[in-house]
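Worksheet: the structure to be examined is printed underneath.
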Amino acid sequence: MDLRNNKITVGELLDDERSRAVFQKRFGKWMKHPMLAAGRSLTLGQLMELAKVYLPQKIIQETWNELKRL
């Protein structure tokens, strides 16, 4: 998948069934969080920066690698 140098938006990723499945598999319970809709305008790069507060870098990197392979 072309992540456009991490400038692809979360909304675009969630609208694509392949990338949505990656997020669902890795972060299932968070996919129903009420703030998810508000985060659709974030870029992937911004999301990765925010995720550092909550997730180990290894999980972030593995998710990015899986998205890149799509």
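Read-outs throughout are calculated quantities, based only on the coordinates presented, and are distinct from any laboratory measurement. Remember, it's a predicted structure, so these values are computed and weren't measured experimentally.
Just from its helices, what would the mean residue ellipticity at 222 nm be for the chain, if runs of 4 or more DSSP H residues each count -39500 (n - 2.57) and the sum is divided by every residue, rounded to the nearest 500 deg cm²/dmol? Mind showing how you got there, number by number?
Numbers: 4 runs with 38 residues, N = 70.
Taken over the chain, the calculation gives -15500 deg cm²/dmol.
Report, in order of residue number, the helices in the chain meeting two criteria: a C-alpha extent of 24 Å or more along the helix axis, and a mean Kyte-Doolittle hydropathy of at least 1.0; treat each whole DSSP H run as one helix. Show your work: numbers first, answer last.
Values: long enough: none.
The qualifying helices: there are none.
With the calculation restricted to Cα positions, what are the radius of gyration and Dmax of the chain in angstrom?
11.0, 29
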